[in-house]
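Engineer: Once you've had a glance at the structure underneath, I'll fire off some questions.
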Amino acid sequence: MHDPQETTGDGRWSELISPQFSAATTTLCLGVALFAFNGFLVSTSLPTAVREIGGLQLISWAFTLYLVLSIVGGASGALLKGRLGPRRALVGAALVFLAGTLIAAFASSMTEVLIGRALQGIGEGVIAAICYALIPDLFPSRLVAKVFGAEAVVWAVAAFGGPLVAGILTETVSWRAAFLVNVPMALIFIALVFRIVPRSTNLVEGLSVPFLRLGAIGGGIMLVALASIMQTLSMEILFVAAAAIVLAVVVLVDRRSRIPLFPSDAFSLTSTVGIGLWVVLLMPVAQASTSVYLVMTLQNLWGYGPTMAGAFSASFAVAWSTIAILVANVQDPRRRSWMIRFGPTLLVTGLGVLVLGFSADLPLVVLAGQMSIGAGFGISWGFLSQTVMEAAKEGERDRASALLPTLQSAGYAIGAAVAGLVANSVNYPQAESAEALRNATMTIFAVSTMIGLAGLIAVFALPMRRKTILATDLSGL
């Protein structure tokens, strides 16, 4: 753990690779890499696996189960950190992830792949949540934004390198080799955890696992996922509405629980943590439509090949990581607060530009919109996450920090379901003419723009608590 007195001074990028922080930086970035690379490795190699072992009708569940259980695992991350200590919780989660990887890699049926993916999801959800919770423990405040910048770079590298590595291995060796890339990364991660994460001496005894609430969270996200495969619009709306009710009830019950999973003011409309979590949720909800429909539309509307369409999509990750690196040196609390507000502004602008680009049939305008969306996340995400962490009430920082990646994943799941609902309501799958496809696409992104506006309104209502500003001020002294 870092010395609190070391929060003073201007943070430099070189400090992340200094002897004092290099192991911690590598450990947290590798935890992110397990999640980031795994997604791209599996999405690239799984179609080949299906051709060999069968189970095409179950292929979507390989992603759905992973997502649902990673959210459940993430929701339990802070609880496991307090009950077991971060070292044992991380090593245990990594072993579960490793077991899932091996089961999936040596599977002889799609059922075995699904079991492996479920274990991967649980393990990686816990890893992501605890890695976030460890950031303020392992780094002084002045370096937190740079840690988020480094993690954004990992995502960008994974966006380009993941499909490339998986494609080469699948074509030259086997799809199983692509799955097994996770094995050395997981083993290195475990070794680093033993080295850098100390044994906890403040374990909370007697914490029981709230299986009912965790199950309800999983059930709510599963309802969201099932909505996208319903055959009628009315059933899609019903499933999304049911999911919203279930998840809202979970939050309300959690506030009254003796063993809470979330901060006591989670999703409150009057606190920094509560409003900040709304922004963390709404930004991915708004952006998810581009992840689902942009590449498909570029291929079907303008005849782009997979490489060109993928490059358009990946510009989001490039813009995010580039901007995150450029702004990480900002220490002034007022500038940081405005960058937090500027992020959703760029997001909404970018979504609007996408609508304009498709309306005017201008690919470069679409590219500019996608990069604006990425820049919105890059300029604000690290500072927004740090603000939520530092504004958490006494004893609740772990729960607030661990909820951030979990909520981001939930936002993507909800956003994908909402985008699918809109797409089906405007007959996107049945669009045969270029005009019909263009109009449907514009409607999808227009609805996403309106969701983004909700996040924009929320971020301008975000109160900057005095203790957060003072903590950030100290980092610039």
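The values are calculated or read from the model by the stated rules, or taken from the named source; none is laboratory data. Predicted, not measured: the structure shown is a model, and the values here were computed from it. Because the Cβ atoms are built from the backbone with ideal geometry, glycine has one as well, and the counts that use them run over all protein chains shown.
Engineer: Based on this model, can you work out whether Ile414 counts as farther than 16 Å from Ser448 by Cα and either modelled with pLDDT of 90 or more or in contact with a strand residue (DSSP E or B) (Cβ under 6 Å, 6 or more places away or on another chain) (or both)? Don't jump to the end; show me each part of the working.
Structural biologist: Values: farther than 16 Å from Ser448 by Cα: no; either modelled with pLDDT of 90 or more or in contact with a strand residue (DSSP E or B) (Cβ under 6 Å, 6 or more places away or on another chain) (or both): yes.
Spelling it out, it is not the case that Ile414 is farther than 16 Å from Ser448 by Cα and either modelled with pLDDT of 90 or more or in contact with a strand residue (DSSP E or B) (Cβ under 6 Å, 6 or more places away or on another chain) (or both).
Engineer: Here's a follow-up. Return the only residue of Val72, Val50, Val91 being at negative phi and surrounded by 20 or more Cβ atoms within 10 Å (Cβ to Cβ).
Structural biologist: Just a single option satisfies the conditions, and that option is Val72.
Engineer: With Leu356, Leu347, Leu326, Leu364 as the choices, which residue is aliphatic (A, V, I, L, M) and surrounded by 20 or more Cβ atoms within 10 Å (Cβ to Cβ)?
Structural biologist: On the way: Leu356 fails: surrounded by 20 or more Cβ atoms within 10 Å (Cβ to Cβ); Leu326 fails: surrounded by 20 or more Cβ atoms within 10 Å (Cβ to Cβ); Leu364 fails: surrounded by 20 or more Cβ atoms within 10 Å (Cβ to Cβ).
Going through Leu356, Leu347, Leu326, Leu364 in turn, just one is aliphatic (A, V, I, L, M) and surrounded by 20 or more Cβ atoms within 10 Å (Cβ to Cβ): Leu347.
Engineer: Does Asn439 satisfy the condition of being at pLDDT below 90 and either on the phi > 0 side of the Ramachandran plot or surrounded by fewer than 22 Cβ atoms within 10 Å (Cβ to Cβ) (or both)?
Structural biologist: Working: at pLDDT below 90: no; either on the phi > 0 side of the Ramachandran plot or surrounded by fewer than 22 Cβ atoms within 10 Å (Cβ to Cβ) (or both): yes.
Judged against the criteria, Asn439 is not a match.
Engineer: So, of the residues in the range 250-279 that are more than 16 Å from Ala410 (Cα to Cα) and β-branched (Val, Ile, Thr), which turns out to be surrounded by the most Cβ atoms within 10 Å (Cβ to Cβ)?
Structural biologist: Restricting to residues being more than 16 Å from Ala410 (Cα to Cα) and β-branched (Val, Ile, Thr), the top hit is Val273.
Engineer: Identify, by number, the condition in (1) part of a helix (DSSP H, G or I); (2) in contact with a Gly (Cβ under 9 Å, 6 or more places away or on another chain); (3) not aliphatic (A, V, I, L, M) that Gln331 doesn't meet.
Structural biologist: Here Gln331 clears every test but (1).
Engineer: If you scan the range 125-169, which residues turn out to be over 29 Å from Pro19 (Cβ atoms) and crowded, with 24+ Cβ neighbours inside 10 Å? Please lay out each step first, then the result.
Structural biologist: Keep residues of the range 125-169 that are over 29 Å from Pro19 (Cβ atoms), which gives 125, 159-160, 162-169.
Result: Gly125, Ala166.
Engineer: How many residues are at pLDDT below 80 and farther than 28 Å from Leu138 by Cβ when one looks only at the range 209-243?
Structural biologist: Result for the range 209-243: 4.
Engineer: Moving on. Just to be sure I understand, how many residues within the range 265-300 are within 16 Å of Leu354 (Cα to Cα) and touching a Lys or Arg at 6+ places or on another chain (Cβ under 6 Å)?
Structural biologist: Residues in the range 265-300 being within 16 Å of Leu354 (Cα to Cα) and touching a Lys or Arg at 6+ places or on another chain (Cβ under 6 Å): 0 in total.
Engineer: Still on this structure, please answer the following. One residue is enough: does the range 397-405 have a residue meeting the conditions surrounded by fewer than 24 Cβ atoms within 10 Å (Cβ to Cβ), among the small types (Gly, Ala, Ser) and farther than 13 Å from Ile229 by Cα?
Structural biologist: No, the range 397-405 has no match at all.
Engineer: Out of Arg334, Arg341, I need the residue that is outside the structural domain of Met222 (by TED's automatic domain parsing) and closer than 25 Å to Ala156 by Cβ. Which one?
Structural biologist: Answer to the check: Arg341.
Engineer: With respect to Phe160, determine if the residue is more than 25 Å from Phe35 (Cβ to Cβ) and of a type in the set (Phe, Trp, Tyr).
Structural biologist: So Phe160 fails the test.
Engineer: Limited to the range 242-295, what total is found for residues that are of a type in the set (Ser, Thr, Tyr) and over 23 Å from Val447 (Cα atoms)?
Structural biologist: Counting residues in the range 242-295 that are of a type in the set (Ser, Thr, Tyr) and over 23 Å from Val447 (Cα atoms) gives 6.
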